[in-house]
Amino acid sequence: MTVDPAPTGILAYGAYLPHYRLERSRITEALGSGGGRGTRSVASYDEDVNSMGVEAARVALRGTDIVPDVLTLATTDPPYLDKTNATTIHAALDLDPGVMATDAVGGPRSGLAQFILAAASPWWTTLSVASDIRTGRPGSAEEALGGDAAAAFLCGSDASGDLLARYLGSASVSREFLDRWREPGNHYSRVWEERFAEGIYTEMALTALERALAKAGLGTEGPDHLVVSGIHARARRTVTRRLAASGLEGRIADDLAGVVGSMGAADAGVSLAAVLDRANPGETIAVLSLSDGADAIVLRTTDHLTAGRPAPSVADQIESGDTGLDYAKFLTWRGFLDREPPRRPDPDRPAGPPSHRSEHWKFGFIGSRDRSTGAIHLPPQRVSMDGGAVDDMEPVPMADVGATIATFTVDRLAYSMSPPVVAAVIDFDGGGRFQCEMTDVDPDRVAIGDRVEMTFRRLFTADGVHNYFWKARPARS
Amino acid sequence: MGSHGIKDQVAIVGMGCTRFGEHWDKGVDDLLIDAAHEAYASAGVEQDDIDAFWLGTMASGQSGLTLSRPLQLGYKPVSRLENYCATGSEAFRNACYAVASGAYDVAMAIGVEKLKDSGFSGLVGTRPPADGTEASLTAPASFSLLAPAYAKKYGVEESTMKEVLTRIAWKNHRNGALNPRAQFRKEVAKETIAGSPLVAGPLGVFDCSGVSDGSAAAIIVRAEDAHRYTDHPIYVKALAFTAGPAAGPIDSTYDYTTFREVVASAEDAYAQAGITDPMAEIAMAEVHDCFTPTELVLMEDLGFAPRGMAWKEALAGTFDLDGELPVNPDGGLKSFGHPIGASGLRMLFECWLQLRGEAPPERQIETDKSLGLTHNLGGAPGACVSFVSIVGANRG
């Protein structure tokens, strides 16, 4: 006798696109070759896979009180080896220490694969994060066609909350062949002749999709929405063309590659998020990803989707992208242009013990509130500035509280990977003042009274230690 | 309980001050030896006559050995102090108390800093291992926060504000041009100051004090002994020091148009000295003009101008060398230079010269008042330490 497992699927989701876009024509202008049409998303100098993962997860978790049992991070560009990256995201989200945090690092395939494992499991609730920074040598196709982004899906059984989309089935095909590879430590990957893997990918993709649809019980009508994702652009186009010709014309989701780029491990997730942003309840979605094999998953949206959609949407974030980024800055941020630093000492690396002692502050942006006077202290204090009460404080999470600029300056002397540093003194709604750096901001357009919100960033790296902390950015809403 | 001060209990009987600037040919040892020996000569004493030493330096050495080794001191007590940019004043304050207590007959306060050997622009801080969350603003950026906040609060146009800051730098350069010990010894045109490359916020290079090397020293004895050393001792009327709770960056009631620490230390100093109307009673002031907006705000915090009015007084020339209250007649940090540990004592050195009528004639202040004020601060707006002293040519 077999028992039907409890329904599982997506409980919440969110995507994060960084603020900046590089117009591919700027590459062509600078180098005389490379580039192309459209734009790609670019992680800022103070962003990495962990910080973008945090931002996507914040979007996903903001509208739900369901807590995960497991947090996974999938990426091709881990900020650390040996040290687990997911623990940084875990700390920034201020998750309970009882939540497992673990990485899936290596090929882009891990993005959709980890999501499938999470969406199909009734045993635990997983926050499945996929985050990536993709680039290549100046002038390469990878540089122009890559994109930086993150997606987060809270997955589990409907016993823990309302499903926004139910898992119906999945299928995979795995093969060993040499298409794209990179030695650890290299800044760019290498590829075999594109036509070699095209045929292999096409066959695997069609097989995986057919089997997944069959498992999902979808007949010849096919899914209402289909996402075709993957790192092999040519095979992706071929598969898309074949499926369109087979009757799925009009149901294949817009390819984000033109405006955002191919987002590595985050590609399938961000593309799925974009479909969830606009799908109707009761519709089926198939996601197909080509990456050293083919993976396909089929989901059906529920009536809860409409109320459970996050803000900002993928479309909102595409819309608000800043295309003002110049190519030299892009190269500098990605480490391909070694620029003269200011005549200032390198920053000190954050020390282990103090960073651990202030874990909730440094990573979670949790301040302290005087229980008797209500005065909010950032950073948290043991002695109140208002009345001097000692050890009568309660933690107060401030990461999602809006603030207003009280005063600011543009520091042209301070060390920065992208000078000048814009620093502001901000007053939070409901109390609490903080002095911090600003990011994603035009130094000529800051004004006293501007609204800001907090964002998790990598301030700098010293002696191989990434200094994660919070900055303010102009409010997006 | 209370702050009682040591008015007229101790006096300065000798001082020394090196030229401030880029001393590529002198080390910390050389600067200390030069300042100390000039002070010995000034007081007419031998090194062995000094009973105890207080050395102020922020980062140019640690422990009393930084002084005892180059001076080859004969097993005397040497305290090494650090209190940010008020380090030199802190050395002086502690030496004064030691003499007033009766513990020692003769004490030396000496400050030194060798900034130019670091190879970096601006100040280089030393911090204990930390969690990496502290804002890493440079000093000019921290102090530049004052300018837009002040302008907004008092409705000063951006262009007028720039004019005010420029005039402060222009005045201090003009005074420094008359000072052979100053780092920058020439007048600078207002257009040059206003057009200098931006460093932080509205502050250009010329709004910043000089990064320099230097040393200054004072010899302190009990007031009743002073005339054994000189006919014109300078008496200590007040020594006030305040360390604030660093509330500025966390307390939203702080508006970046004042230093609460300065207000508190000035109030304490005036009470110790019995001063009720600083503008009427003080002959000159040496204040901590690390950046031009600092001097502007200090004029109000020290009671030299009503709130919101200092910008008008600065434009009117009230604080010029020939104004109602000369401020920084020696050129200030701006033009004399700012070797951290030495600056507080350098301010006292100018009081020593001016109140004894020994300043070069071209900058000697003609006045019938006999009190001088020094103000020295360290840190940043909203989170600083502040020192105010009152010294005078007459006892009682």
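We did not get these values from a lab; they are worked out from the coordinates using the rules stated. This is a predicted model, so every value here is computed, not measured. Cβ: placed from backbone, ideal geometry, glycine included. Neighbour counts: every protein chain shown.
Below is a table of values for the structure above.
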{"read-out": "Those aspartates and glutamates that a straight Cα-Cα span of less than 17 Å connects to B:K186, excepting residues fewer than 8 apart in one chain", "value": "B:E22, B:D207, B:D320, B:D330, B:E362"}
{"read-out": "Positive-pole candidate from A:T220, A:V191, A:G161, dipole of region A:132-250, charges at beta carbon", "value": "A:V191"}
{"read-out": "FRET efficiency, 1/(1 + (r/R0)^6) with R0 51 Å, evaluated for B:E157 and B:E366 via beta carbons", "value": "0.90"}
{"read-out": "Computed FRET value (nearest 0.05) for A:A6 with B:T253, which takes r as the C-beta separation and R₀ as 56 Å", "value": "0.55"}
{"read-out": "Lys, Arg +1 and Asp, Glu -1 on Cβ, resulting dipole of chain A about Cα centre, debye, nearest 20", "value": "800 debye"}
{"read-out": "³J(HN,Hα), Karplus 6.51/-1.76/1.60, whole Hz, each residue of region B:81-98, x for Gly, Pro", "value": "10, 9, 8, 6, 6, 8, 4, x, 5, 5, 5, 4, 4, 5, 5, 4, 5, 5"}
{"read-out": "Region B:275-294 residues near the modelled B:L315 label - backbone nitrogen below 17 Å, point 7 Å along Cα→Cβ", "value": "B:293"}
{"read-out": "Contour minus Cα-Cα distance for B:E187 and B:A130 (0.36 nm per residue)", "value": "16.2 nm"}
{"read-out": "Cα centroid separation, region B:89-160 to region A:150-184 (Å)", "value": "56 Å"}
{"read-out": "Spin-label model distance (nm) - A:R190 vs A:A244, 7 Å beyond Cα toward Cβ", "value": "3.5 nm"}
{"read-out": "Nearest-0.05 FRET efficiency for A:R137 and A:L117, computed from C-beta distance (R0 41 Å)", "value": "0.75"}
{"read-out": "Check: the protein assembly as shown dipole with +1 on Lys, Arg Cβ and -1 on Asp, Glu Cβ, in debye", "value": "1400 debye"}
{"read-out": "About the Cα centre, charge dipole magnitude for region B:81-205 (Lys/Arg +1, Asp/Glu -1 at Cβ), debye", "value": "480 debye"}
{"read-out": "Centre separation in Å (Cα based) which lies between region A:1-80 and region A:221-294", "value": "16 Å"}
{"read-out": "Antiparallel DSSP beta bridges within region A:8-333, as percent of all bridges there, nearest 5", "value": "65 percent"}
{"read-out": "A:T332 versus A:V67: modelled label distance in nm, points set 7 Å from Cα along the beta carbon direction", "value": "4.3 nm"}
{"read-out": "For the protein assembly as shown, with +1 on Lys and Arg beta carbons and -1 on Asp and Glu, the positive-most of A:Y80, A:V49, A:L290 along the dipole", "value": "A:L290"}
{"read-out": "Distance violations [Cα-Cα > 32 Å] among B:K171/B:K237; B:K153/B:K237; A:K83/A:K471; B:K76/B:K369", "value": "B:K153/B:K237; B:K76/B:K369"}
{"read-out": "3J(HN,Hα) from dihedral phi, region A:271-279, Karplus parametrisation 6.51/-1.76/1.60, rounded to Hz, x for glycine, proline", "value": "5, 5, 4, 5, 6, 4, 4, 10, 5"}
{"read-out": "Dipole-positive endmost among A:S313, B:Y270, B:G323 within the protein assembly as shown (Cβ charges, Cα centre)", "value": "A:S313"}
{"read-out": "Euclidean distance between Cα centres, region B:2-58 to region B:260-316, Å", "value": "26 Å"}
{"read-out": "Summed side-chain charge close to A:T240 - residues other than A:T240 whose Cβ falls under 12 Å, Lys, Arg +1, Asp, Glu -1", "value": "+3"}
{"read-out": "Using alpha-carbon coordinates, inclination of helix A:194-215 to the longest axis of chain A, degrees", "value": "90 degrees"}
{"read-out": "Anisotropy class of chain A from Cα gyration tensor, a/c 1.5 cut", "value": "oblate"}
{"read-out": "Under-5 Å amide H pairs with A:D411, H placed in peptide plane, nonlocal only", "value": "A:V421, A:V422, A:A423, B:G201"}
{"read-out": "Fully extended contour minus Cα-Cα distance, from A:T102 to A:R371, at 0.36 nm per residue", "value": "93.2 nm"}
{"read-out": "Residues of region A:325-369 with amide N under 20 Å of the 7 Å Cα→Cβ point at B:S118", "value": "A:341-351"}
{"read-out": "Per-residue ³J(HN,Hα) for region B:43-50, Karplus 6.51 cos²θ - 1.76 cosθ + 1.60, θ = phi - 60°, Hz, x for Gly and Pro", "value": "8, x, 10, 9, 4, 5, 6, 7"}
